[in-house]
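These notes concern the structure reproduced below.
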Ligand code: FES
């Protein structure tokens, strides 16, 4: 199982430099590990502990606390289908059933090719466009069965990688917004536009 690559270590060091205390970079570094492998491996946790001068147990204690960090292999695309009240009333369970049929796996499972994991989630705050889902935390509203099929086909063909990065690193972790990792401390960094969620209109 891999530790962080040399390129990831470089990004990690840039992130650590943003904080007065190195340990404050723990969660961003866990997301980096997840971007690299799709999940946070035990070896990556040990490596992060070394980088932050923490114990592996401290790193694991944080990694196990958060739902968005995975400690076992997860699909390249995590399809999170909301079944909370607004979505439920607009066909969320029918959509979930359709998704399971289309991908051939039940919620909680990953397709054999490792491309898609389905999960059932609570409200993702897109109630006005129910039923909705997120793929790697990018949001899609008013999703019909045909729209779902189209979305999956586009993802599988690699045509949406710009909008939906594999393994779904958050734009704040990529430092695409706010302070930029590696910038000189006295540099004035203008915030840039945060990633605009894509809404599937089918
Ligand atoms: S109920 Fe589905 S997004 Fe809120």
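Readers should treat all values here as calculations from the given coordinates under stated rules, not as data from a laboratory. All values derive from a computational prediction rather than experimental measurement. In this analysis, Cβ positions are derived from the backbone assuming ideal geometry, glycine residues included, and neighbour counts consider all displayed protein chains.
For segment 105-122, the criterion of being part of a helix (DSSP H, G or I) and on the phi < 0 side of the Ramachandran plot is met by no residue. In segment 101-108, the count of residues that are within 16 Å of the ligand (Cβ to nearest atom) and either surrounded by fewer than 22 Cβ atoms within 10 Å (Cβ to Cβ) or closer than 30 Å to residue 130 by Cα (or both) is one or more.
A count restricted to segment 130-163 and to residues that are assigned to a loop (DSSP other than H, G, I, E, B) and on the phi < 0 side of the Ramachandran plot stands at 12.
Taking the stated definitions as given, is residue 84 at positive phi and either within 12 Å of the ligand (Cβ to nearest atom) or surrounded by fewer than 21 Cβ atoms within 10 Å (Cβ to Cβ) (or both)? Judged against the criteria, residue 84 is not a match. Taken as a whole, the structure leaves residue 35 outside the set of residues that are more than 26 Å from residue 163 (Cα to Cα), away from the ligand (no atom under 16 Å from the Cβ), touching a residue at least 24 places away in the same chain (Cβ under 8 Å) and surrounded by 14 or more Cβ atoms within 10 Å (Cβ to Cβ).
Quick grid of which residues meet (1) within 23 Å of residue 110 (Cα to Cα); (2) part of a helix (DSSP H, G or I):
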{"site": "2", "(1), (2)": "yes, no"}
{"site": "8", "(1), (2)": "no, yes"}
{"site": "15", "(1), (2)": "no, yes"}
{"site": "19", "(1), (2)": "no, no"}
{"site": "29", "(1), (2)": "no, yes"}
{"site": "36", "(1), (2)": "yes, yes"}
{"site": "54", "(1), (2)": "no, no"}
{"site": "96", "(1), (2)": "yes, yes"}
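The residue that is farthest from residue 167 (Cα to Cα), among those in segment 116-155 that are crowded, with 16+ Cβ neighbours inside 10 Å and away from the ligand (no atom under 16 Å from the Cβ), is 145.
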